[in-house]
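Q: For reference, the structure I am asking about is given below.
Values in this text are rule-based calculations from the coordinates and carry no lab data. All of these numbers come straight from a predicted model, not from anything done at the bench. All Cβ positions, even for glycine, are placed from backbone atoms using ideal geometry, and neighbour counts span all protein chains on display.
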Amino acid sequence: MAPLPFELTPAIAALPFVSFLIALFVGAFAPRLLPKGGAVPGILATGGSLLLSLWVMLTVSGGETYHEYVTWVAGAGEATFDLHLGVLVDPLSAMMLVIVSLVAFLVHIFSLGYMNDEGETGLPRYYAGLGLFTASMLSFVFADNLLMAFMFFELVGLCSWLLIGFWFRDDAPPSAAKKAFLVTRFGDYFFLVGLVGVFATFGTSMFVGGEGEGAIQSFPHIAEQVLAGEGAAEVTTYLGLDPQAWFAVLGLLILGGVVGKSAQFPLHTWLPDAMEGPTPVSALIHAATMVAAGVYLVARIYGFYALLPQVLALIAFVGGFTALFAATMGVVKREIKQVLAYSTISQYGYMMLGLGAGGYVAATFHLMTHAFFKALLFLGAGSVIIAMHHNEDMWDMGGLKDRMPVTYYTFLSGSLALAGIVPFAGFWSKDEILYEALVHGLNTPLLLAAYVMGLLAVFFTGFYTFRMVALTFHGEPRSDTARNPHDVRWNVKGPLAVLGILAAVAGVVNMLPVQKVLGVKNIDFLHQWLDSGPEALSAHHYGELLHDFAHYSAGTIGSGVTTVLLGAGLSLALALAGAGLAWKLYAVPDPEEHTDKLGGAKTVLFNNYYQDEYQVWLAEGLTLPLARAADKFDQGVIDGVVNGVSSVSLFGGSRIRRVQTGVVSNYAFLLTASFVVLLVVIGLVGGWF
Amino acid sequence: MWIEALIAVTLASAAAVFLAPNKVAGKLAFALSLLPLVGSLWMYSTYEASGNALLAGSELAFETNFDWVVAGPYSLSWHVGLDGISMPLIALTTVLTSLALLASWTPIDERQSQFYGLMLFLEASLLGVFSALDFFLWFVFWEMVLVPMYVLIGVWGGPRRKYAAIKMFVYTNIASLVMFIGFIALVFGLGDSVTSLDMPAIAQALRAGELGSLGPVGAGTLKVAAFVAMFAGFAVKVPVVPFHTWLPDAHVEAPTPVSIMLAGVLLKMGTYALLRFNFTMLPEVAQNNAPIIALFAVVSVIYGAMLALAQSDLKRIVAYSSVSSMGYVILGLVAYTLYGMGGATFQMVAHGLISGLMFMSVGVIYNTTHTRMVSDMSGLASKMPITVAVFVAGAFGYMGLPLMAGFAAELFIFLGSFGAFAGSVWFTAAAMFGIVVVAGYLLFAMQRTLFGDFEVETDYEVGPAAFHDVAPLVVLILLVILLGVDPSIFYDMIQNAVDPLVPATGGGV
Amino acid sequence: MVPIEYYLLLSAAIFSIGVFGILTRRNALLFLMSVELLLNAANINLVAFSRFHGNLTGQTFSLFTLALAAAEVAVGIGIILVLYRNFKDVDVTEAATMRW
């Protein structure tokens, strides 16, 4: 009998699901009975989930973990395998449960201000979508195998589609929703192939193995045994590849889904468009949680990726590139949410860089701090958008600092965290990622390249962040709405305050540089946290795998302390330089569009390096004409043959019937002639002559 | 005797409805169709069987078997019975017929008694196809299906109904002939080792290698030739590209309820027959030529999806996507693995429900807007929210959203076919790409028709659909979700029935 | 006794005359008469073989044939009358409407 909170873990996801059902059915059949259009059940449910998650986390901190599963589909016979649904509570998932339910809870409250107070219609649909999303996301987090993870990975995609397209009467949101679903589906296609491949190879997709004889092993563990050449584990590989190469293929395939969901290059194009959805949705789904699903998945099966150096290097490189690439685009955007969207892409790039560089804890740390400060920034932007009567153009804002102080200070806290200024949360986590990339990169050139890109991105991050802050809150108001902004209520300010504090202080959970430089012991709480729990899922074990299989080793510049100081100093200096430059240019009463001076470069940046263009071309310029050509071929050639057969029959019939003249003499002649011919033939064959 | 009772009740209902006045025919037919529905559900609940109906050592449910016509040593038998493959299909038939009848109340406004009578007659024939185990009996039912179908399309169809009805009838009938020749050649090849057309006897004799030569044709060639003939014959019914062109025409012209039956059940006759005949009776031919058959499957999936992408008529989109989805079934069958064949059978049921749902919701939209062209309408979501919600749910079901029946079926098929035969990894991966294309065209169509500003290019008043139009939609979507959440409702019995078909050795899982 | 070949030759000759008449004549009455010749050629064969084999079956059959021929003439004449009424002629090539 597991401890009670563990037994209740499924309820963490079930509660929001119930709120989804309530919003759906009561909203459809008796909307009057639904308080606040479904917000109240949603808040109660996510609040319940949050409390349960905290309880679960508390229990995990007592050193206990939980893994329980049921058979979803039983495969008959011995040659096949079962498919499972299960719950895995370990330090990583417990932490993620708290993050997701916390942000979901706050977003539900914020929605009261953003949706209800603004008099939106269709609220039951909105809250149903939020409820379903929260339920799916939480289920994804505690999934104990890759199949279940994939199932909920897809379901959060559906919810994203539903919520981006919430304002379906306009043209842009449904189109953005479609794009988001399609692009992520394209990534999920590779994930699905990888998932099926994992089943075919290992016969299971469990994340963690059972204990005792005959228990199901986890697939990373089997892979580890196979590569180490020990144990009785046997796998089937395909395409004539050896296990190492085949595992790398599988890893890359699963990575496809990650790249799609976490909006990494080149599948990042959907995320900026997804900003068409309501802002609380952007905060919950497209910043803090769903987009994190990809990164979380890599962290979840890090025991598998840690075996595959090539894949890790690719992850790091893609991450570093995305971080830089997206940050440069964020520099020129006009809409506040667009800046945040590109910043989200960029920040997830950092996490990928961290994972690829062997910084499992660092990436997880950044996942957590980013969830807080990016949700905060989006909600702050939402507050600004309410105030601005749904005008998102930063060039119409300015001077909001004095008119909405709570929003300003919390937003500032988030911005400092995002830019990575000490001592805000983002500094610690981003610095740790860059540190990991640096020390491992000293021995691996590709990682070093990724590190350099990540480092450069720090400058741009600082720049666009403070450009955004300055344009929005400082200077003189540049429009009438900015002079007389709409008021926001407690339901907006409350969530902002909570997240603002978290963005400022969440870094204390893992102040690694302090520990290393000052020698203070045991303040790397997150490291200790992620080291507790099952041995096979611990950060310590991942470190060993990285060393043994991926041959990662840490280099230093000078001594260890100088390396730490150098890395942290460099990134802090760059962040301050970027922020300072932006401040100098834009925190003036009447800023001008300095980015116009970039000329052609600005055009390229403003058009997102024409990434959308070629992807739209792939869909509309290539696939659609191809489909039309196929249709022409089908109608013309294939159906043409079918109709041709019938035409030939008809035509042949119309010719042959001419024999039927209607003249009796001809019939008689035919009869006689045929009879004679028959006789002759029979005679010839029968040998009469 | 339960199967006979089921068919007899359905036939009697058909006759009764045929004689009833037009006004009450719809309601009477629906009420009477509940009898076979309840009957089949009762049969499901008391179902007890094991093994595959055609193979030795099986225990069939509701089996009856007696000599029907005896001539010397030869006999035709009346042999019906259910195993794990046919039971789900029987249930699918009765469920879908009742819902299709409900969906006919609005669109069918002339000669109702004849229409509903023919629908019930169709149901009886379909029940016969899925339960008959004697070739002669089976073939009678198989051909019997065509008659009501031809009339239903030809009389109540759209403007080009005659073309579509004749095309369907002639095409599938020629296919039946080809298939018949193939099968009878096998029976003759078996010589005196079988003295009846009893399918289990023939299947077991064939699997035992008792096939001799037929005239100058040796056993090996005969097998391949018969396989090709039967495959071609059934491929038309499924339909497999390139034998698919009758399907879109038939769908576009057929009235909604007939489309539901056509996509939901009739197409499954083809895959059911492929499973029963080709893949059960001549397994080694199928396995030796697995890459070729898989190629047909993959081409169906991708090419069908591409065609759907190019269409501008909602019904044509769904029709072509049926071609695409049925391709998965072929891929699963040829895998010869538990998940592959089980998933293929599960996909028959899943696709039956989902495509029925899609045609039904397109029909409901058509009833109110009187157009099916994507470009003629937009923003329907504001006017008919429940219908649109179900349409969206159905469309995501079609895309294989987890926890809906289609996902389970496709997942099983992919799990089963991955690595099952030479080159299967590539074939499976290629077929999987269908999930991206299907998302593409459905999302594109939904965006243009359901969302945006409300606008319809017709003069009709657009409002929420009637209760009896929406109710079957809701029932279907609930069934799809139920099967998706708990596939073992059918999958356990399916697995039990396909297990004997799976060779003990072989690749895949 | 006259050998059987003689009868057969006679029968073949009459049959050929009948066939010739059917193939070359356009008058319906001549047609009918040619058909009678064909029937009688067959009758000669039947009677000849009856005598040759020494049993009466052939002769009995020829009686049937005669009856049949009588019926045929009745129907034939009737058709010819209708033909004449419709076409004012008894030319068989005129009446060619009974086709597609």
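Q: What nm value, rounded to one decimal, do you get for the distance between B:GLU110 and C:LEU81 when each label is placed 7 Å out toward the C-beta?
A: So the two model labels end up 4.8 nm from each other.
Q: Next question, about the same structure. Select from A:GLY441, A:PHE459, A:TYR127 the residue farthest towards the positive end of the dipole of chain A; place +1 on Cβ of Lys and Arg, -1 on Cβ of Asp and Glu, and compute about the Cα centre.
A: Positive-end residue among those listed: A:TYR127.
Q: Oh, and also: Under 10 Å from the Cβ of A:ALA274, count the other residues' Cβ atoms, weight Lys and Arg +1, Asp and Glu -1, and hand me the total.
A: 0
Q: Along each of the three principal axes of the Cα atoms of the stretch B:71-133, give the extent in whole Å, ordering the values from largest to smallest.
A: Projected onto the principal axes, the Cα atoms of the stretch B:71-133 cover 53, 29, 8 Å.
Q: Let me ask you something else. Show me the ranking of peptides A:335-346, B:149-160 by mean Cβ neighbours inside 10 Å, starting with the highest. Please report the intermediate quantities before stating the final value.
A: On the way: A:335-346: 26.0, B:149-160: 19.1.
The peptides rank, most packed first, as A:335-346, B:149-160.
Q: Here is a further query. Testing the spin-label approximation: label points 7 Å from Cα along Cα→Cβ at A:GLU230 and A:LEU8. State their distance in nm.
A: The answer from the label model is 4.1 nm.
Q: Note the per residue figure in Å³ for the convex hull of the C-alpha positions in the protein assembly as shown. Kindly include the intermediate steps, with their values, before the conclusion.
A: Details: hull volume 295.2 nm³, N = 1298.
Cα-based convex hull of the protein assembly as shown, divided per residue, equals 227 Å³.
Q: How high is the relative contact order of chain A? Use alpha-carbon pairs under 8 Å, at least six apart in sequence, and give a whole percent.
A: It comes to 12 percent, rounded to a whole number.
Q: Can you pull the mean other chain C-beta count within 10 Å for peptide A:659-667?
A: Rounded to a whole number, the mean comes out at 5.
Q: Provide the descending list of Cα extents for the stretch B:289-509 along its principal axes, expressed in whole angstroms.
A: Dimensions of the stretch B:289-509 along the principal axes of its Cα atoms: 63, 33, 19 Å.
Q: Evaluate the relative contact order of chain C (contact order divided by residue number), counting alpha-carbon pairs under 8 angstrom at least 6 apart; express in whole percent.
A: That works out to 27 percent.
Q: In the stretch B:1-132, how does Rg compare with the Kirkwood Rh, expressed as the Rg/Rh ratio over alpha carbon atoms? Provide the component values of the computation, followed by the final result.
A: On the way: Rg = 16.5 Å, Rh = 15.6 Å.
Value, to two decimals: 1.06.
Q: Would you work out which of B:ALA389, B:SER259, A:PHE606 lies farthest towards the positive end of the dipole of the protein assembly as shown? Charges go on Cβ: Lys and Arg +1, Asp and Glu -1.
A: Most positive-ward Cα: B:SER259.
Q: As a footprinting exposure proxy, order B:SER322, A:SER654, B:SER193 by other Cβ within 10 Å, with the fewest listed first.
A: On the way: B:SER322 28, A:SER654 10, B:SER193 15.
Ranking B:SER322, A:SER654, B:SER193 by Cβ neighbours within 10 Å, fewest first, gives A:SER654, B:SER193, B:SER322.
Q: Determine the shielding of peptide B:433-444 by partner chains: average, over its residues, the number of Cβ atoms on other chains within 10 angstrom of each Cβ.
A: Shielding by partners across B:433-444 averages 6.
Q: How large is ³J(HN,Hα), in whole Hz, for each residue of the stretch B:213-220 in order, when computed from phi with the Karplus curve 6.51 cos²θ - 1.76 cosθ + 1.60 and θ = phi - 60°, using x for Gly and Pro?
A: Values, residue by residue: 8, 10, x, x, 8, x, 4, x Hz.
Q: Just checking the output field for C:13-19: average partner chain Cβ neighbours within 10 Å of each residue's Cβ?
A: Values: counts 0, 0, 0, 0, 0, 0, 6.
Going residue by residue through C:13-19 and averaging, the value is 1.
Q: Based on the mean of other beta carbon atoms within 10 Å per residue, what is the order of B:342-348, B:82-88, B:35-41, C:25-31, most packed first?
A: Put in order of decreasing packing, that is B:342-348, B:82-88, B:35-41, C:25-31.
Q: Taking 1 over the mean of 1/r across every pair of different Cα atoms in the stretch A:288-377, what Kirkwood radius in Å do you get?
A: 13.1
Q: For the stretch B:185-301, what Kirkwood radius comes out of the mean inverse Cα-Cα distance, in Å? Each step should come with its number before you reach the end.
A: On the way: mean 1/r = 0.0643 Å⁻¹.
It is 15.6 Å.
Q: Based on Cβ point charges of +1 for Lys and Arg and -1 for Asp and Glu, what charge dipole magnitude is obtained for the stretch A:232-336 about its Cα centre, in debye rounded to the nearest 20?
A: 220
Q: Got a sec? How would A:MET96, B:MET360 order by Cβ neighbour count within 10 Å, fewest to most?
A: Values: A:MET96 26, B:MET360 29.
So the ranking, lowest neighbour count to highest, is A:MET96, B:MET360.
Q: When the C-alpha atoms of the stretch A:437-592 are aligned to their principal axes, what extent does each axis show, in angstrom, from largest down?
A: Result for the stretch A:437-592: principal-axis Cα extents of 63, 35, 29 Å.
Q: Provide Rg and Dmax in Å for the stretch B:393-478, with only Cα atoms included in the calculation.
A: 18.0, 57
Q: Need one number: nm distance between label points at C:THR24 and A:TYR667, each 7 Å from Cα along Cα→Cβ, rounded to one decimal.
A: That separation, rounded to one decimal, is 2.3 nm.
Q: Nearest 20 debye, what's the magnitude of the dipole of the protein assembly as shown about its Cα centre given +1 on Lys and Arg Cβ and -1 on Asp and Glu Cβ? Display every interim value, and only then the final one.
A: Values: 54 positive and 83 negative charges, 602 e Å.
Once rounded to the nearest 20, the dipole reads 2900 debye.
Q: Explain nothing, just compute: Karplus ³J(HN,Hα) = 6.51 cos²θ - 1.76 cosθ + 1.60, θ = phi - 60°, for every residue of the stretch B:488-502 in order, whole Hz, x for Gly and Pro.
A: Result, rounded to whole Hz: 5, 3, 10, 5, 4, 6, 4, 4, 4, 7, 8, 3, x, 7, 7.
Q: Dividing the Cα radius of gyration by the Kirkwood radius, what Rg/Rh value follows for chain A?
A: Working: Rg = 31.1 Å, Rh = 27.2 Å.
Dividing the radius of gyration by the Kirkwood radius yields 1.14.
Q: Run through all the Cα pairs of the stretch C:4-87 and give the fraction in each 5 Å bin from 0, expressed as whole percent.
A: Values per bin, smallest distances first: 3, 16, 19, 20, 17, 11, 7, 4, 2, 1, 0.
Q: In 20 Å bins starting at 0, how do the alpha-carbon pair distances of chain B split up by percent?
A: Reading upward from the zero bin: 25, 59, 16, 1.
Q: While we're looking at this one, here's another question. How many times 2.2 N^0.38 Å is the alpha carbon radius of gyration of the stretch A:342-385?
A: In units of the 2.2 N^0.38 Å rule of thumb, it is 1.29.
Q: Does anyone have the angle between helix B:86-104 and the longest principal axis of chain B? Alpha-carbon axes, 0 to 90°, nearest 10?
A: 20
Q: Same structure again: Please arrange A:THR9, B:THR245 by how many other C-beta atoms lie within 10 Å of their C-beta, fewest to most.
A: By the 10 Å Cβ count, ascending, the order reads B:THR245, A:THR9.
Q: Where in chain A are the DSSP H helices whose alpha-carbon span along the long axis reaches 18 Å or more and whose Kyte-Doolittle mean is at least 1.6?
A: Numbers: long enough: A:9-29 (31 Å, 2.09); A:39-61 (32 Å, 1.65); A:91-111 (30 Å, 2.23); A:123-142 (29 Å, 1.07); A:146-164 (26 Å, 2.23); A:172-202 (44 Å, 0.98); A:243-261 (27 Å, 1.43); A:309-330 (31 Å, 1.63); A:336-356 (30 Å, 0.57); A:360-387 (40 Å, 1.50); A:405-419 (20 Å, 0.96); A:425-441 (24 Å, 0.08); A:445-473 (42 Å, 1.68); A:490-505 (22 Å, 1.45); A:560-586 (39 Å, 1.46); A:639-656 (25 Å, 0.64); A:664-686 (32 Å, 2.17).
Once both thresholds are applied, what remains is A:9-29, A:39-61, A:91-111, A:146-164, A:309-330, A:445-473, A:664-686.
Q: With n ≥ 4 as the cut-off for DSSP H runs, can you work out [θ] at 222 nm for chain A, using -39500 (n - 2.57) per run divided by the number of residues, rounded to the nearest 500?
A: So the calculated ellipticity at 222 nm is -22000 deg cm²/dmol.
Q: While we're looking at this one, here's another question. Any chance you could run the full-extension gain for A:VAL685 through A:LEU54? It's 0.36 nm times the residue separation minus the Cα-Cα distance, nm to one decimal. Present the calculation step by step, with values, prior to reporting the outcome.
A: Details: separation 631, 0.36 × 631 = 227.16 nm, distance 9.86 nm.
Separation in residues times 0.36 nm, less the Cα-Cα distance, equals 217.3 nm.
Q: Here's a follow-up. Counting Lys and Arg as +1 and Asp and Glu as -1, each charge on the Cβ, what is the dipole of the stretch A:314-450 about the Cα centre in debye, to the nearest 20?
A: 100
Q: What number do you get for the stretch A:20-94 when its Cα radius of gyration is normalised by 2.2 N^0.38 Å, N = residues?
A: Relative to the rule-of-thumb radius for its length, the stretch A:20-94 sits at 1.66.
Q: Here's another thing I want to ask about it. Using the Cα atoms as the points, what is the convex hull volume per residue of the stretch A:257-323 in Å³?
A: About 74 Å³ per residue, rounded to a whole number.
Q: Additional query: Using mean Cβ contacts within 10 Å as the protection proxy, how do B:449-461, A:143-155, B:175-187, B:225-237 order, highest first?
A: So the order, starting with the most tightly packed, is A:143-155, B:225-237, B:175-187, B:449-461.
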